[in-house]
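Student: Here's a structure for you.
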Amino acid sequence: MRVLLIGGTGQLGEALQRALQAVPALTLTVLTRQELNLTQLGQVRSAIERIKPEIIINAAAYTAVDRAEAERDLAMTINGKAPGVVAAAARDCDARLIHISTDYVFAGDKGSPYLETDPTHPLNAYGESKRAGEQAILAAEADAVIVRTAWVYGAGGKGNFVKTMLRLGAERPEVRVVADQIGTPTWTGDLARAITTIACGMDTPIPAGIYHYTNSGVASWYDFAIAIFEEAAALGMPLRLQRVVPITTSEYPTPARRPAYSVLAWGKITPYLGGPAPHWRQGLRTMLGELQNLR
Ligand SMILES: NC(=O)c1ccc[n+]([C@@H]2O[C@H](COP(=O)([O-])OP(=O)(O)OC[C@H]3O[C@@H](n4cnc5c(N)ncnc54)[C@H](OP(=O)(O)O)[C@@H]3O)[C@@H](O)[C@H]2O)c1
């Protein structure tokens, strides 16, 4: 099976490379930003036609949520327009597209886990651009599976909440963390395994459409930070930290508004994956172990 991965240098992309390389009889092509820049929409189709993949996984995105407020057009090109061009090329090559989207398509005011069918209402430019990407893919009428996920972190890639907390916890006695935003931390290792199963691990392919996948359980950023420091201390990682102080969103103003509640309901995807994903705390433990081995 020929699989094309776009965005292989990101934190999810790195985990995907590892998961896909472990699949027998799979030929993996990874295109980096240097080889296929998604701002060059005119080059997308020819790059895909040259590789003739059976499966395309798009893990590339403009992910700087706050910067996107000032770079709306750039975010919209990469997240909103390029996925539609990828989807049209996939359709014309008879390839299946697996595209990653986000909990930030929702407003965060539902108060119970969001279903795939719930109305979207992004609060920020990043969320708007990601929703536009979903819509462009659906409009292309490709054989596409859109996987919305949330609060992603992994040992690979440039940075994420876990790495930031570990850095701050090693430098300072006190860290202040937002306690009134609720979601589900999702480890790239579990997400990559799920995407790999969707791509090539099923006898009967999962029907095209939108699916939600996160680790199981629910946490605030504050809960997540506490767990990071507990697990890091148990592993003997260096910490100066003595206090984690819960704060409100209004005490930590950011250029982009974020949903207060963005837990995703994953009941639609679990039958295809043989059950729910591991609890987020288990994923965190595995990621921290991996990070320590890398140090
Ligand atoms: N991070 C989260 O919390 C989160 C939550 C929900 C959903 N998601 C979604 O999950 C997916 C993976 O996210 P991630 O956290 O792994 O992101 P990431 O670590 O920021 O990686 C983004 C990837 O996209 C590539 N990229 C950026 N601009 C590009 C361009 N113009 N052309 C080609 N490639 C480009 C990057 O390449 P370089 O290495 O060259 O920069 C990198 O490989 C994305 O669709 C994201 O929207 C993420």
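Student: Answer with one residue from Thr254, Tyr272, His121: the one whose Cα lies farthest towards the positive end of the charge dipole of the chain, charges on Cβ with Lys, Arg +1 and Asp, Glu -1.
Tutor: The listed residue farthest towards the positive side: Thr254.
Student: Give the cross-link partners of Lys268 among the lysines, using a straight C-alpha distance below 19 Å as the criterion and excluding same-chain residues fewer than 8 apart.
Tutor: Hits, sequence-local ones excluded: Lys110.
Student: Report the net charge of residues surrounding Val30, where surrounding means a beta-carbon distance below 15 angstrom and charges are Lys +1, Arg +1, Asp -1, Glu -1. Present the calculation step by step, with values, prior to reporting the outcome.
Tutor: Numbers: positive: Arg2, Arg18, Arg33, Arg50; negative: Glu14, Glu35.
Summing Lys/Arg as +1 and Asp/Glu as -1 gives +2.
Student: A further question follows. Pairs Lys52/Lys158; Lys81/Lys158; Lys52/Lys163; Lys81/Lys163: which are spaced more than 27 Å apart, C-alpha to C-alpha?
Tutor: Result: Lys52/Lys158; Lys52/Lys163; Lys81/Lys163 exceed 27 Å.
Student: Magnitude of the Cβ-charge dipole of the chain, K/R +1 and D/E -1, about the Cα centre, nearest 20 debye?
Tutor: I would put it at about 540 debye.
Student: So if I take the centroid of the Cα atoms in the stretch 241-295 and the same for the stretch 20-79, what is the distance between those two points in Å?
Tutor: 24
Student: Out of Ile228, Ile195, Ile247, any idea which swings most in a Gaussian network model of the chain, alpha carbons joined below 10 Å?
Tutor: Ile247
Student: Search the structure for amide H atoms under 5 Å from the amide H of Val177, placed 1.01 Å from N in the peptide plane, and list their residues when 5 or more places away or on another chain.
Tutor: Excluding prolines and chain starts, which carry no amide H, the hits are Val245, Ile247.
Student: Among Ser262, Ser216, Ser112, which one moves the most in a GNM of the chain with springs linking Cα atoms closer than 10 Å?
Tutor: Sorting by GNM fluctuation, first place goes to Ser112.
Student: Among Leu12, Leu235, which comes first, then next, by fewest other beta-carbon atoms within 10 Å?
Tutor: Going from least to most buried by this count: Leu235, Leu12.
Student: At 222 nm, what value in deg cm²/dmol follows for the chain if DSSP H runs of at least 4 each add -39500 (n - 2.57) and the sum is divided by all its residues, to the nearest 500?
Tutor: When only DSSP H runs of four or more count, the value is -11500 deg cm²/dmol.
Student: Put +1 on the Cβ of each Lys and Arg and -1 on the Cβ of each Asp and Glu in the chain; which of Val65, Ile98, Gly111 then has its Cα farthest toward the positive end of the dipole?
Tutor: Val65
Student: Please identify the longest segment of the chain free of exposed GluC sites (Glu not before Pro), where exposed means a DSSP state other than H, G, I, E or B and no more than 12 other Cβ atoms within 10 Å.
Tutor: Excluding the exposed sites themselves, the longest stretch runs over 142-295.
Student: Still on this structure, I have one more. Work through the residues other than Ala139 whose Cβ is under 13 Å from its Cβ and net out their charges, Lys, Arg +1 and Asp, Glu -1.
Tutor: +1
Student: Sum up the charges of everything whose Cβ sits under 13 Å from the Cβ of Pro173, counting Lys and Arg as +1 and Asp and Glu as -1, but leave Pro173 out.
Tutor: +2
Student: Can you give me the angle between helix 280-294 and the longest principal axis of the chain, using Cα atoms only, in degrees from 0 to 90, rounded to the nearest 10?
Tutor: Tilt of helix 280-294: around 90 degrees.
A short reminder: the numbers here are calculations on the coordinates, not readings from a lab. Note that the structure is predicted; figures quoted are calculated from it, not measured. No Cβ is skipped: glycine too gets one built from the backbone with ideal geometry, and neighbour counts run over all protein chains shown.
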